[in-house]
Every structure is written in structure tokens, then in C-alpha cells.
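J.: Structure in C-alpha cells, see below.
Every number here is computed from the coordinates shown, using simple stated rules; none is lab data. Note that the structure is a prediction, hence the values are computed from the model and not measured. Positions of Cβ are backbone-derived with ideal geometry, glycine not excepted, and every protein chain shown enters the neighbour counts.
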Amino acid sequence: MIRLFRHYVSRAFLTLLVAEMLLLFWSIYFGRSLRMMVLTNQGTMPQINELAPSALVFVGVMLSIMTAMGLYERNFWSGRGDMLLRIGVSFLVGLFVMTLAYYLFPDLSLGRGEFSLSFGIAFFGVLLLRFVFFEASDREVLKRRILVLGVGQNASRIEEMQQNTSISFLVAGYVQLHEDEDLRVPANDLFRVSNHLSDLAERLEIDEIVVALDDRRKGFPIDQVLECKIQGFRISSFLDFYERETGKIQLDALRPSNLIFADSFQRALIKETMKRLFDIAVSLVLLSLAWPLMLGATLAIWIESGFRGPILYRQTRVGLNDGLFEVIKFRSMRTDAEKDGVARWAQANDSRITQVGAVLRDTRIDELPQLFNVLRGDMSFVGPRPERPQFVAELAKKIPFYSMRHMVKPGITGWAQICYPYGASEEDSREKLQYDMYYIKNYSFFFDILILLQTVHTALWGRGAH
């Protein structure tokens with residue numbers, strides 16, 4: 001994994017991204033070259049500087065759309081058919097966007113024939129690259145080999161991670177340092193070190209050593225680990241490894257000292273100013289584009305309710321620094337959803353949700369009025385999901401570090417919303433907090449853009465929170 005703009009990116013996916021970037025760029029060049037050869041029957045080749053602006057726009061458009069389709073996520077595919085569908089949709093949308101771009105900026109446009117050839121080369125080239133990558137990524141030889149120090153609870157979590165077929169590592173073994181350690185990993189994968197840990201790491205061809213001891217006070221082999229470090233082996237703590245591989249922070253292994261000494265969790269005026277300006281600009285743009293959808297939603301709710309009842313739904317939520325504000329959404333539940341005044345979690349297939357409301361929730365249209373919350377400064381586009389005060393008070397007592405999610409403004413979308421499926425329970429809130437903590441720790445403008453693009457994929461494929 002590589003840390004890019006404070007966000008961990010898989011080496012494999014970064015390699016794929018670069019390969020597809022080059023393919024998309026050169027497809028424009030080869031498209032014109034083939035067209036010239038057909039028309040002139042000569043081997044004359046075009047100048048690359050003439051095509052560079054058009055090629056760069058094509059690369060930017062297609063990579064943005066493919067990211068929005070979820071094609072650069074860790075766990076994006078459900079099989080070859082799913083991948084083919086996403087690529088097909090990406091290129092259909094890309095065709096529309098490029099046609100619009102050529103209309104608005106004629107200097108960038110290519111001839112119909114040469115663009116058709118370029119587009120075809122790009123489409124089939126991406127398909128080929130993806131299928132080769134799909135096959136290669138299943139082979140264990142391409143995965144990083146790790147050696148885990150510890151056999152207890154933290155080590156068992158790494159063992160559980162191996163059940164995910166898209167992981168980028170392979171556990172070569174676990175090292176039991178103390179006889180009294182609670183064994184929670186397969187006994188067949190155990191190793192013991194008598195003299196030099198580095199000898200075992202070399203014999204197993206290890207790429208990384210993960211220190212996953214549940215309690216380091218019982219005796220941490222600092223000399224042997226330092227020797228491995230000097231010899232060039234990568235050494236990672238369990239928390240850092242877990243964060244890097246899963247995109248979330250493991251709460252159960254987190255200690256206050258980890259937060260105090262972490263190279264993150266800092267508020268910077270420049271970052272906050274950029275985020276606010278971005279929120280205002282995008283809100284205005286989306287409101288100008290989404291008003292037909294909002295008008296249609298208004299009419300649909302009004303008709304379903306028999307031309308009576310509220311269109312919008314206002315509810316008190318907890319925001320930045322535990323402040324309260326009223327979130328605005330299109331009403332998706334019956335007006336008597338909480339007639340007894342008791343706050344309830346929204347459930348999957350909730351009987352209180354109207355037929356129109358179900359459509360609005362699935363398409364995220366019910367969230368559009370929150371653009372006014374963003375303009376007003378109550379919310380940001382990206383951040384933890386705002387919760388009701390009753391739930392916050394209850395969860396803060398049961399879940400450690402829960403109040404840290406209020407260090408930043410809540411968001412319409414967020415890392416937890418796109419990574420974790422719909423859920424409404426204490427356990428779900430704990431899981432989502434782990435993603436929220438990752439976002440707060442690793443916030444960057446680049447990360448916000450990535451989340452916004454992947455939100456499009458979440459809405460289209462029906463994943464994430466509602």
C-alpha cells in the first residue's frame with residue numbers, strides 16, 4: 001500500500017490506474033494515426049503535441065467517471081460480469097461527456113472517424129487490462145508476504161482479514177513470543193524464534209513484519225525487531241497495518257496515546273477554508289442542476305400524501321463540536337412515524353417508509369435539501385453522518401471515542417457511508433465510527449474528491465447507508 005495525499009492506495013490499483021491513464025492517452029494518438037493511414041494510405045504519423053490537450057481531457061474525464069463507477073475501490077468487483085457492466089456504463093457516460101466537451105470547446109475536438117477509433121481502442125484496451133489484472137490479482141505470488149508477531153486477539157483479526165478475497169497480503173506465519181499467550185490463530189501457522197527473527201523472515205521471504213501483540217508489556221523483542229528494521233524489513237504496528245488494509249481504525253486496539261502521538265487529527269485553517277469554499281461552490285452548482293429532481297420529488301410526495309402534509313422533514317441533529325442544528329430532507333416516512341415522541345432507528349425495509357420515500361432513499365434524492373444545510377454552514381459535503389441527540393447521548397456512553405466524530409462538520413456523504421452497508425444499531429454505529437475515525441485522521445482535499453466520486457457509484461449500485 002502507498003500513502004497518497006494522506007490516504008492509503010493499493011500498489012496494484014495504483015499500477016492499474018497508471019496503466020489505464022497511459023492507455024487512454026495513447027488511444028487518442030493511435031486513433032488519429034489509424035484514420036490518417038486509411039485516408040491517405042501513407043505512414044504519416046500525427047504530432048503528439050497537437051493531440052495532447054484533447055488526450056488529457058479524455059484521460060481526466062474517463063478516470064473521473066471510472067472512479068465514480070467504483071472501478072478503483074479495493075472491493076469493487078463481484079465477478080467479471082459486474083466489472084464488464086461498470087466499464088460499459090463508464091464508457092457510455094464518457095461518450096456523452098466527451099461529445100459535450102467537444103461541442104463546448106471546438107479546438108479540442110477530433111474528427112468523427114478518428115474519435116470512434118480512439119474510443120474503441122480505449123474501450124477494448126481497458127477491458128483487456130482489467131481482465132488481465134483480475135486474473136493476476138488472484139495469484140498469491142503477487143501478494144505481500146507478512147509475518148505476524150503475536151497469536152492473540154489482534155493476530156486473530158488479521159487472520160479474519162484473510163477471508164476477504166481482495167486482500168493484498170498473505171500471512172506467511174505467526175510468531176508466538178510467550179507460552180501464556182492466548183492462542184487464537186491456526187496452530188499449523190505457528191513459529192517460534194530462538195535466536196534471530198531476521199533469519200526466520202529471510203527464510204519465509206517476508207515483505208513486512210506486523211507487531212500484533214495484545215500486550216507489549218509482557219516482553220517485546222525490541223532488539224530482534226530493530227535488527228529486522230536495519231536489515232530492510234518493513235515493520236508495522238497492528239493499528240497502522242489494520243488501518244492501511246481496511247480503510248478504518250480498529251477501536252478495540254486503540255489507546256488515547258495512539259491519538260495523541262498520531263501524525264494527524266489536526267485542524268488547519270487553510271484546509272478548513274478550502275473545504276468551506278468547495279462546499280459553497282459545489283452546493284450552488286448542484287442546486288442549479290438538481291432543481292428539476294427536487295421539483296419532481298416535491299410533486300411526488302405531495303400527490304402521495306393526498307395534497308396535504310409536509311414536503312420537507314426537519315430533525316435536530318448533532319454537528320460540529322456537539323452543536324445542534326436542524327437537518328432538512330425530503331419526507332420519506334409517514335407523518336405519524338414517531339407519533340409517540342420516541343426516537344427510533346431507521347431500519348432496512350422500514351414499514352414507516354412510504355412508496356415514494358423508498359425511491360427517494362434508494363436514489364439519495366431525499367438528501368438533496370441538505371444542500372441548504374451545507375450553504376448555511378451546518379454541514380459539509382463530506383463528513384460523518386449526523387445523528388440525533390438521543391442516539392448520540394446513548395452511543396457516547398457505550399462506544400469509546402464516539403465524541404471524536406464531532407471534531408469535524410457532519411456530511412451529506414462520507415467514508416463510512418460508502419464503505420459500510422445500511423445499518424441501524426449500536427454495533428453498526430461502532431463499525432461506522434471506525435471508518436469515520438479513519439476519515440478524520442487522514443482528511444485531505446484529495447480524499448474528499450475521491451469520496452464524492454465514489455458516492456456516485458454508491459447511489460447507482462445501491463450500496464452504503466441511506
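J.: What spacing in nm lies between the two simple spin-label points modelled at ALA393 and SER237, each 7 Å away from Cα in the Cβ direction?
T.: If labels sit at ALA393 and SER237, their model points lie 3.5 nm apart.
J.: Let me ask you something else. What residues qualify as long-range amide H neighbours of LEU149, i.e. H under 5 Å apart, gap of 5 or more or another chain, H built at 1.01 Å from N?
T.: Amide H neighbours of LEU149, under 5 Å, 5+ apart: VAL175, VAL210, VAL211, ALA212.
J.: Follow-up. First measure r as the distance between the Cβ atoms of LYS143 and LEU56, then evaluate 1/(1 + (r/R0)^6) with R0 = 51 Å and state the FRET efficiency to the nearest 0.05.
T.: Details: r = 34 Å, r/R0 = 0.66.
Approximately 0.90, to the nearest 0.05.
J.: Same structure again: Using DSSP, restrict attention to beta bridges with both residues in the chain and report what percent are antiparallel, rounded to the nearest 5.
T.: Given both bridge residues lie in the chain, the antiparallel proportion sits at roughly 40 percent.
J.: Sticking with this structure for a sec: Classify the chain from the C-alpha gyration tensor, please: rounded if a/c falls under 1.5, else prolate or oblate depending on whether a/b exceeds b/c.
T.: oblate
J.: Starting from the amide H of LEU368, placed 1.01 Å from N in the peptide plane, find each other amide H under 5 Å away whose residue is 5 or more places distant or on another chain.
T.: PHE330
J.: Applying the Karplus parametrisation 6.51 cos²θ - 1.76 cosθ + 1.60 with θ = phi - 60° to the phi angles of segment 432-437, what ³J(HN,Hα) value in whole Hz is obtained for each residue in order, glycine and proline being reported as x?
T.: Calculated HN-Hα couplings, in order: 5, 4, 4, 6, 4, 5 Hz.
J.: Any idea what the dipole of segment 269-461 comes to, in debye rounded to 20, about its Cα centre with Lys/Arg Cβ at +1 and Asp/Glu Cβ at -1?
T.: Using Cβ point charges on Lys, Arg, Asp and Glu, segment 269-461 gives about 240 debye.
J.: Could you tell me the calculated FRET efficiency between GLU426 and GLN355, based on Cβ-Cβ distance and R0 = 22 angstrom, to the nearest 0.05?
T.: About 0.15, to the nearest 0.05.
J.: Going by average Cβ density within 10 Å per residue, which order do the peptides 168-180, 236-248 take, highest to lowest?
T.: The packing order, highest mean first, is 236-248, 168-180.
J.: Note the count of lysine pairs whose C-alpha atoms are less than 20 angstrom apart in the chain, limited to pairs 8 or more residues apart or on different chains.
T.: 15
J.: Restricting to DSSP H runs of at least four residues, report the calculated mean residue ellipticity at 222 nm for the chain, -39500 (n - 2.57) per run over all residues, nearest 500 deg cm²/dmol.
T.: Working: 16 runs with 240 residues, N = 466.
Value at 222 nm, helices only, nearest 500: -17000 deg cm²/dmol.
J.: Please say if segment 269-461 is rounded, prolate or oblate, where rounded means a/c under 1.5 for a ≥ b ≥ c the square roots of the C-alpha gyration tensor eigenvalues, and otherwise the choice is prolate for a/b larger than b/c and oblate otherwise?
T.: Because a/c hits 1.5 or more and a/b fails to exceed b/c, segment 269-461 counts as oblate.
J.: Shifting gears a bit: Applying the Karplus parametrisation 6.51 cos²θ - 1.76 cosθ + 1.60 with θ = phi - 60° to the phi angles of segment 251-256, what ³J(HN,Hα) value in whole Hz is obtained for each residue in order, glycine and proline being reported as x?
T.: 5, 5, 9, 7, 10, x
J.: For MET37, MET62, what's the fewest-to-most ordering of other Cβ within 10 Å of each Cβ? Display every interim value, and only then the final one.
T.: On the way: MET37 13, MET62 26.
The most exposed by this proxy come first: MET37, MET62.
J.: Hey, what do the phi angles of segment 328-334 turn into as Karplus ³J(HN,Hα) couplings, whole Hz, using 6.51/-1.76/1.60 and θ = phi - 60°, x for Gly and Pro?
T.: Per-residue couplings from phi come out as 10, 9, 5, 5, 10, 10, 5 Hz.
J.: To continue, here is another question. Measure off 7 Å from each Cα along the Cα-to-Cβ vector at GLU227 and TRP291, then give the distance between these two points in nanometres to one decimal.
T.: Between GLU227 and TRP291, the simple spin-label model gives 7.3 nm.
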